[in-house]
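Asker: I am attaching a structure below and will ask some questions about it afterwards.
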Amino acid sequence: DIQMTQSPSTLSASVGDRVTITCRASQSIKTWLAWYQQKPGKAPNLLIYKASSLQIGVPSRFSGSGGETEFTLTISCLQPDDFATYYCQQYSSYSLSTFGQGTKVEIK
Amino acid sequence: EVQLVESGGGLVQPGGSLRLSCVASGFTFGDFYMTWVRQAPGKGLEWVANIKADGSEIYYVDSVKGRFTVSRDNAHNSLYLQMKYMGVDDTAVYYCAKYGPTTGPDVWGQGTTVTVSS
């Protein structure tokens, strides 16, 4: 099974900060990685797919990079609406998908 | 507008069964894989199952194999999750999502809550 290790688990930041979240896969997933934002009581919202493609309607301050086993989600200038929990997900095969443990972005 | 609406959640006793439904609108349902994902209270997301567009291939996470069954009715734009022999660890919000060929799960329902308790 492919394990996804996401770090940090919690991140304290201020409005305007540049924020980086990392996701590591236990084996190569090429670029089959998505990033989601989730707010309390709501469904996850797709931000980035195929490691670096911005989903339609998502602000350009969100960006993704990486491939094979190392991936990064960057928020270039943190906004008040961005305080939430973020998850990575590998979808390299229809037969098995895995999420990272999540990163909660809190107000510093 | 692409929309997914889950229903069928509720309280069930350990060892019991429940059937969740997910009705899709705003896209050609029969063209896409669909997926179920769950989230236990205060925990992260867990992939549960994927079903191919025509229903011919279905994949499950190990923890639900033999207990959960995913099916779909493309004529009625509906996805189902039949859950049997349920345990307290199955307590979660269950989401259905449309699975794009390059995006992965890209549109999600609002979720339905399942509680397994005596």
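Asker: Sticking with the crude label model, points 7 Å out along Cα→Cβ, report the distance from residue A:2 to residue B:54 in nm, one decimal please.
Answerer: Roughly 2.5 nm, to one decimal.
Asker: Nearest 20 debye, what's the magnitude of the dipole of chain A about its Cα centre given +1 on Lys and Arg Cβ and -1 on Asp and Glu Cβ?
Answerer: Working: 9 positive and 7 negative charges, 25 e Å.
Computed charge dipole of chain A: roughly 120 debye.
Asker: If Lys and Arg each add +1 and Asp and Glu each add -1, what is the summed charge of the other residues whose beta carbon sits under 15 Å from the beta carbon of residue A:6? Before the final figure, lay out the partial values.
Answerer: Numbers: positive: A:24, A:104, B:43; negative: A:70, B:46.
Value of the local net charge: +1.
Asker: Report the longest stretch of chain B that contains none of the trypsin sites (Lys or Arg not before Pro) sitting in a DSSP loop with at most 15 other Cβ atoms within 10 Å.
Answerer: With a cap of 15 other Cβ atoms within 10 Å, the longest stretch comes to B:1-42.
Asker: For residue A:46, what is the net charge nearby, where nearby means another residue's Cβ is under 14 Å from its Cβ and Lys, Arg count +1, Asp, Glu -1?
Answerer: On the way: positive: A:39, A:42, A:50, B:98; negative: B:106.
Result for the neighbourhood of residue A:46: +3.
Asker: What net charge do the residues around residue A:66 carry, taking every other residue with its C-beta under 12 Å from that of residue A:66, with Lys and Arg at +1 and Asp and Glu at -1?
Answerer: Its environment carries a net charge of +1.
Asker: Report the extension gain between residue A:96 and residue A:22 in nm, rounded to one decimal, defined as 0.36 nm multiplied by the number of residues separating them, less their alpha carbon distance.
Answerer: 24.5 nm
Asker: Connecting C-alpha atoms closer than 10 Å in a GNM of chain B, tell me which of B:97, B:53, B:24 has the biggest fluctuation.
Answerer: Top of the fluctuation ranking is B:53.
Asker: Using the structure shown, list the pairs from A:50/B:98; A:42/B:98; B:52/B:84; A:104/B:98; A:39/A:104; A:104/B:43 with a Cα-Cα distance above 19 Å, or answer none.
Answerer: Violating the 19 Å limit, Cα to Cα: B:52/B:84; A:104/B:98.
Asker: Take residue A:107, project a point 7 Å from its Cα along the Cβ direction, then tell me which residues of segment A:78-92 have their backbone nitrogen under 17 Å from it.
Answerer: A:78-85
Asker: So if each residue of separation counts as 0.36 nm, and I subtract the Cα-Cα distance between residue A:9 and residue A:60, what length gain in nm does that give?
Answerer: Contour length minus Cα-Cα distance gives 16.0 nm.
Asker: How big is the charge dipole of chain B about its Cα centre, in debye rounded to the nearest 20, if each Lys and Arg gets +1 on its Cβ and each Asp and Glu gets -1 on its Cβ?
Answerer: My answer is approximately 280 debye.
Asker: Here's a follow-up. Could you identify which residue out of A:56, A:21, A:75 has the top mean-square fluctuation in a GNM of chain A using Cα springs shorter than 10 Å?
Answerer: A:56
Asker: While we're looking at this one, here's another question. Determine the relative contact order of segment A:13-95: mean sequence separation of Cα pairs under 8 Å and six or more apart, normalised by residue count, in whole percent.
Answerer: Across segment A:13-95, relative contact order equals 41 percent.
Asker: Then there's this: Per residue of B:40-52, what is the mean number of Cβ atoms on other protein chains within 10 angstrom of that residue's Cβ?
Answerer: Mean inter-chain Cβ contacts per residue within 10 Å come to 3.
Bear in mind that the values in this text are calculations on the coordinates, not laboratory data. Bear in mind that the values here come from a model prediction, so they are computed numbers and not experimental data. All Cβ positions, glycine included, derive from the backbone under ideal geometry; neighbour counts span all protein chains shown.
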